[in-house]
Amino acid sequence: MTKSEFIDAVESYCVATGADGVTSYWRCKRRNTAVGGKEFSAHQVWLGMDVVYSPAPTLSMEKRKEWAKRLGLFLWPESDHDHLQPLNWSAG
């Protein structure tokens with residue numbers, strides 16, 4: 001998935017799920033380390049985004065994961081946001 005395809009997929013995901021916006025996209029290695037990101041985080045190569053909902057997601061986690069998969073995205077739920085990256089991203 002290219003960076004442009006990823007951006008389009010996340011935009012579609014946000015519309016479909018009612019997400020309010022993106023709180024994190026690209027991070028340099030220093031910033032990624034500072035926030036506790038993984039060594040090979042997709043954020044470091046413009047292929048990771050964190051989205052938020054306000055007040056809370058209206059769709060269940062199951063439905064959000066289904067939307068993500070349909071759009072070629074992997075969804076990782078965090079305590080206060082959903083992390084999205086391409087399904088085929090293999091770094092951890």
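The values are calculated or read from the model by the stated rules, or taken from the named source; none is laboratory data. Given the structure is predicted, the values throughout are model-derived calculations rather than measurements. Here the Cβ is made from the backbone with ideal geometry for all residues, glycine too, and neighbour counts use every protein chain on show.
The rows are residues; the columns are (1) closer than 24 Å to residue 67 by Cα; (2) among the charged types (D, E, K, R).
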| site | (1), (2) |
| --- | --- |
| 19 | yes, no |
| 24 | yes, no |
| 30 | no, yes |
| 33 | no, no |
| 38 | no, yes |
| 41 | yes, no |
| 45 | yes, no |
| 48 | yes, no |
| 56 | yes, no |
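Need the failing condition index for residue 72 against (1) on the phi > 0 side of the Ramachandran plot; (2) crowded, with 19+ Cβ neighbours inside 10 Å, just the number.
Evaluating residue 72 over (1) on the phi > 0 side of the Ramachandran plot; (2) crowded, with 19+ Cβ neighbours inside 10 Å leaves (2) as the failure.
Sort out which residues of the range 75-92 are farther than 17 Å from residue 18 by Cα and at pLDDT 90 or above, and write them in order of number.
Scanning the range 75-92 gives 85, 86, 87.
Please give the number of the condition residue 64 fails out of (1) touching a Ser or Thr at 6+ places or on another chain (Cβ under 9 Å); (2) surrounded by fewer than 16 Cβ atoms within 10 Å (Cβ to Cβ); (3) not β-branched (Val, Ile, Thr).
Failed condition: (2).
Please specify each residue of the range 4-53 satisfying the condition of being in a loop (DSSP other than H, G, I, E, B), crowded, with 18+ Cβ neighbours inside 10 Å and either touching a residue at least 12 places away in the same chain (Cβ under 8 Å) or of a type in the set (Val, Ile, Thr) (or both).
19, 27, 41, 47, 48, 53
Tally time: how many residues in the range 54-92 are in a loop (DSSP other than H, G, I, E, B) and either under 16 Å from residue 12 (Cα atoms) or not aliphatic (A, V, I, L, M) (or both)? So that I can check it myself, show each step before the final result.
Step one: of the range 54-92, the residues in a loop (DSSP other than H, G, I, E, B) are 54-60, 71-72, 78-81, 87-92.
Those left that are additionally either under 16 Å from residue 12 (Cα atoms) or not aliphatic (A, V, I, L, M) (or both): 54-55, 57-60, 71-72, 78-81, 87-90, 92.
Total satisfying the criteria: 17.
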